[in-house]
Every structure is written in C-alpha cells, then in structure tokens.
Amino acid sequence: MKKLRVGILGSGQGSNFLALAKVMQNEELPIEIGWVGSDRAEAKILEHAKSMGLPAGACRRGKFKTKLEPEIEEELAQKLAEAGTELVVLAGYMRVVKEPLLARFRGKMINLHPSLLPAFPGLKAWEQALEAGVKETGCTVHWVNEVVDGGSVIRQMRVPVKAEDTAELLHARIQEAEHRLLPEVVRDLAEGRIPWLKDPRKK
Ligand code: GAR
C-alpha cells in the first residue's frame, strides 16, 4: 500500500507527535512523516522531530498571538506542500487556521482537541470542563474548517473527571487518551477505515 505522507504542526511539547512516532516505530503502518512545522522556533516538538532525523522548521512568529498573518501562514502551507503532504495533523497547534492553509488542505487536515466537542471549544478545554462541573470529558479528532474547533468530528475518546481533579491531573488524563486516539485515527485514515472526502493517494 502506498504510504500516506503526513505533515504535523504543533506549538508546544509535542507529546502527541511522539505518541504517533512511537506507534510508527512499533508497527508497520502505511504512513510517513514528511515535515514537522511550528509557529514557535523554540517549540519542543521541533527538537523531538530533529532528533529523529525528520525535516522540521518554524515559520516567522508574526505580530498576533492567536493567528498568523496570511503571508506567514503561507510559509507553512508552502513547506507542507513541498514535502508532498497528503494529510496535515494539527497536534497542539495553537493558532487559528486561516485561508492559506485551508485553501490547500481542506479535507486533508485534522485537529486534536482536548474535550468532547462541541463541548468546550477554544483554549484550556480541561479547565473549562472542571469549571463546568461535568463528570466526563475527553478528546476529539475532527476535520478542520474555518470554524474554530467546529469541523465534523471523526472520533472521540471519553475520560472521567474525578472529584479530586486539578487542572493538571485532568489534562494529564486527557493526554493519555489523546496519545491513543490520534495515532489510531491517522492509522485508520491511512488504511482506509475512515472515509475521506477524496483519498489524496488516488489520483
Ligand atoms: C494537547 O492536549 C492538545 O489537545 C491541545 O494541546 C495539547 C498539545 O500537547 N490542543 C489544543 O488545545 C488545540 N486547541 P502536545 O504538544 O504535548 O502534543
């Protein structure tokens, strides 16, 4: 089976990238990572990628916190395209995705979010869950469109909220679930068990 070429964007620690890379080391999967990118040159995810010998780099930071200027986002889109990316995985990428990425990768871009969407979109979803007093939260992988955390849901995993939970404890429990969910979804997309709008490998 032809391998699915994956590009990964992240802004932080990169634990979900590591979880995916680990599954790829342990199992024979029709997946290859073509490029790892970030909006932060100091993001740990880039260090991890480089230490594995994967091509990785950051775009310019820009002057806004929550989004990139179109010409800067275009740098990321360009890099991903040059790497032959067929699926973009947002793994802790903290900028709102705009037209430059969407125009090129609509229907080919998924995002991992730390709640059971549509509940608690936006930042620090685990804190939102604690404040709301819910008994259960979780994580979601969804297709990316122009609505923040609003694209159609691909798969979710449930996580209990415990009475003694702090924000850190709950986030850690959600991350354990994320580390299983994200590799599972990427594998199932690559192996054709999750429907694509159009399989990027079939011309
Ligand atoms: C993950 O928990 C992910 O769900 C969250 O950032 C963390 C990244 O962790 N993403 C969002 O909140 C996106 N809105 P990682 O860098 O260790 O993979």
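Roughly how far apart, in whole Å, are the Cα centres of segment 25-76 and segment 148-173? Taking the Cα centre of segment 148-173 as reference, the centre of segment 25-76 is 24 Å away. For segment 58-174, what's the relative contact order in percent, using C-alpha pairs closer than 8 Å and at least 6 residues apart? Result for segment 58-174 is 20 percent.
Phi-derived couplings, Karplus 6.51 cos²θ - 1.76 cosθ + 1.60 at θ = phi - 60°, listed residue by residue for segment 83-88: 7, x, 5, 10, 9, 9 Hz, with x used for Gly and Pro. Listed values for segment 165-175 are Karplus-derived 3J(HN,Hα) couplings in whole Hz (6.51 cos²θ - 1.76 cosθ + 1.60, θ = phi - 60°), namely 5, 9, 4, 5, 4, 5, 4, 4, 5, 5, 5, and x replaces Gly and Pro. Annotation: peptides 64-74, 40-50, ranked by per-residue average of other Cβ atoms within 10 Å with the highest first, follow the order 40-50, 64-74. Ordering 2-11, 128-137 by mean Cβ neighbour count within 10 Å, with the highest value first, yields 2-11, 128-137.
Using +1 at the C-beta of Lys and Arg and -1 at the C-beta of Asp and Glu, which of Leu116, Met52, Ser11 has the Cα lying farthest in the positive direction of the dipole of the chain? Value computed over the given set: Met52. Relative contact order of the chain: 20 percent, from C-alpha pairs under 8 Å at least 6 residues apart in sequence.
Applying Stokes-Einstein at 20 °C and 1.002 mPa s to the Kirkwood radius of segment 100-203, computed over alpha-carbon pairs, gives a translational diffusion coefficient of 148 µm² s⁻¹.
Taking every C-alpha pair closer than 8 Å and separated by at least 6 residues, the mean separation divided by the residue count of segment 72-131 gives a relative contact order of 32 percent.
Readers should treat all values here as calculations from the given coordinates under stated rules, not as data from a laboratory. None of these values were measured; they are calculated from a predicted model. All Cβ positions, even for glycine, are placed from backbone atoms using ideal geometry, and neighbour counts span all protein chains on display.
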